[in-house]
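Chemist: One structure follows; several queries about it will come next.
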Amino acid sequence: MKVAFTIASAAVAQELKLSVDLNNEVQQGLLEFETPTPSTYKGCKCKSECGTSVDDAFNCDWCYTEDNCGTFSVTRASFFDYCTYPPDTSYESKSAAAKQAILWAQVVADKTQSTYPTPLDALTESMQDVFDNQWDVLTPGRKKVIHGVGAVCQVAWTVPNSSPYTGIFGKGEKTTGLIRMGSATPFTASGGQFTPGIGWKFMRDGVHSANWVSLYNLEGQESRDFFAHTQTNHLPQPASIGTKTLAKKFMQASNCATMVGLSDAAKYNTAGEEADTPLFPYNLQWEPQLHQPDEKVSVDDQLSLMEGIPKGSVLYSAVAYASPDDTEGTHLGDLVTTSECTRSMFGDTSLFFRHQRIEEDLVYHPEWMDSAIFNKGCPKKTTATPPKNCKQEAGPSFSFRSSQQTALE
């Protein structure tokens, strides 16, 4: 299923100060911009929307398939296959500037907000998609069940020449991207859990964007100042029943649900050049450089505060910690807004920030697994091998299925 988006107006091109060539690339990209069509691991064509079901604990997206392709299921009385969301090569091949302009045009096309879905919806969505979807947009039919409402800003980040890392963390890198700031959970002026979190997306020429997510913690904070605490990609373990349940759901895809990796961001720089060996920090922390009033506000009021942040504001300073035992860190530059921050229907319902499994970082740094600090941060002993993914037909509950199609023919 393809979902077309809005074509940018001349005003957007003027706002972004696009060159003639870049504007042409953006306009062509916008004409083509739509949610890509899902594929399946056996190369089948779906005849239904991809989604999960109770028979594998809502782990993997699957669809009914055409022409008896895939695997025959007795309980589903039809052929099916697992869905995959491979790179959109036509879109990814564009320049970083063009892709950012394409996404920003969608962001500002509708400056209204969505609503928070029920948190229980998270239990019936595939967490594998959160890590394996290679697109900049959500897969068809998926909701943002966490961080359902937020504000999107364009940002710039210049890394100092002293950086020891590669990719977008490399020395002197000047990268631009989008961040989306919002509470993971709904709240009101009179109460509710306020849990500030950020999705980070930095564009790169000719390859997929660099993405990660950050929070202060999973349990929320007393202050309603979004910038009251440092944001990090490594969180304390969950404490409440609700967050423990959510972490267990994420552990269908990663053995360490409280950490996301950074190695993919170090694999390619802004120009799309690949590093021989990605060099990246263990933990990236973002220290706030501005603050908001610590007053009980509604979701709408919070978004208005975000919209009041002036263009050119320094939001955060980045501090990179090289290993679990690094207690000093290295300053990696400041994050500056290059646009307004705005509520956005596209941001709330379509813009996607891929999570990277921490296991992918451990492939490069297996010594981190020997650290007591690392093991304290994960809900269970973690190795560099994640749980089975959907390509491997994850979950023992699929044992009821019949053999492959070829065995039936």
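Chemist: Among the residues of region 74-100, count how many are among the small types (Gly, Ala, Ser), more than 22 Å from Asp132 (Cβ to Cβ) and touching a helix residue (DSSP H, G or I) at 6+ places or on another chain (Cβ under 8 Å).
Modeler: Going through region 74-100 one residue at a time, the tally reaches 3.
Chemist: Residues that are of a type in the set (Phe, Trp, Tyr): which strands (runs of 3 or more DSSP E) entirely in region 140-243 hold 1 or more of them?
Modeler: Counting at least 1 such residues, we get 151-158, 196-202, 210-215.
Chemist: Among the numbered criteria (1) part of a loop (DSSP other than H, G, I, E, B); (2) modelled with pLDDT under 95, which single criterion is violated by Thr112?
Modeler: Every listed condition holds for Thr112 apart from (2).
Chemist: Given the conditions (1) under 18 Å from Trp286 (Cα atoms); (2) surrounded by fewer than 22 Cβ atoms within 10 Å (Cβ to Cβ); (3) under 17 Å from the mean Cα position of the chain (by Cα), and given that Gln231 satisfies all but one, which numbered condition is not satisfied?
Modeler: Single failed check for Gln231: (2).
Chemist: Now for a separate question. Specify the residue that is surrounded by the fewest Cβ atoms within 10 Å (Cβ to Cβ); the eligible residues are those in region 315-341 that are over 20 Å from Gly170 (Cα atoms) and touching a strand residue (DSSP E or B) at 6+ places or on another chain (Cβ under 6 Å).
Modeler: Among those that are over 20 Å from Gly170 (Cα atoms) and touching a strand residue (DSSP E or B) at 6+ places or on another chain (Cβ under 6 Å), it is Thr338.
Chemist: Further, regarding this structure: Any chance you could count how many residues in region 55-98 are in a helix (DSSP H, G or I) and in contact with a Ser or Thr (Cβ under 7 Å, 6 or more places away or on another chain)?
Modeler: Number satisfying all stated conditions: 3.
Chemist: Continuing with this model, one more query. Which ones in region 22-52 are at pLDDT 85 or above and within 23 Å of the chain's Cα centre (by Cα)?
Modeler: Those that are at pLDDT 85 or above and within 23 Å of the chain's Cα centre (by Cα): Thr37, Pro38, Ser39, Thr40, Tyr41, Glu49, Cys50, Gly51, Thr52.
Chemist: Let me ask another. Can you list the helices (runs of 4 or more DSSP H) lying wholly within region 309-409 that have 3 or more residues being modelled with pLDDT under 95 and more than 30 Å from Phe79 (Cα to Cα)?
Modeler: Passing ranges, in order: 372-377.
Chemist: When you scan region 278-308, how many residues do you find that are part of a loop (DSSP other than H, G, I, E, B), touching a residue at least 24 places away in the same chain (Cβ under 8 Å) and over 23 Å from the mean Cα position of the chain (by Cα)?
Modeler: Our first condition is that a residue be part of a loop (DSSP other than H, G, I, E, B); within region 278-308, this holds for 278-282, 289-298, 308.
Filter once more, so that each one left must be touching a residue at least 24 places away in the same chain (Cβ under 8 Å): 278-282, 289-298.
Retained after the next criterion (residues that are over 23 Å from the mean Cα position of the chain (by Cα)): 289-298.
Residues that pass the stated criteria total 10.
Chemist: If you don't mind, another one. Using beta carbons and a limit of 7 Å, which pairs, at least six apart or on different chains, have the first residue in region 219-245 and at positive phi and the second one in a loop (DSSP other than H, G, I, E, B) and surrounded by fewer than 19 Cβ atoms within 10 Å (Cβ to Cβ)?
Modeler: Partner pairs satisfying both residue conditions: Gly220/Gln193.
Chemist: For region 101-129, which residues satisfy the criterion of being more than 18 Å from Gly150 (Cα to Cα), out of contact with any helix residue (DSSP H, G or I) (no Cβ under 7 Å at 6 or more places or on another chain) and touching a residue at least 40 places away in the same chain (Cβ under 8 Å)? Break it down stepwise before answering.
Modeler: Of region 101-129, the ones more than 18 Å from Gly150 (Cα to Cα) are 101-102, 120-121, 123-129.
Now restrict to residues that are out of contact with any helix residue (DSSP H, G or I) (no Cβ under 7 Å at 6 or more places or on another chain): 120-121, 124-126, 129.
Within region 101-129, Thr124, Glu125, Ser126, Asp129 qualify.
Chemist: In addition: Of everything in region 322-347, what is out of contact with any Pro (no Cβ under 8 Å at 6 or more places or on another chain) and β-branched (Val, Ile, Thr)? Give them in sequence order.
Modeler: Thr327, Val336, Thr338, Thr342
The values are calculated or read from the model by the stated rules, or taken from the named source; none is laboratory data. Note that the structure is a prediction, hence the values are computed from the model and not measured. Glycine also receives a Cβ, built like all others from the backbone with ideal geometry; neighbour counts cover every protein chain displayed.
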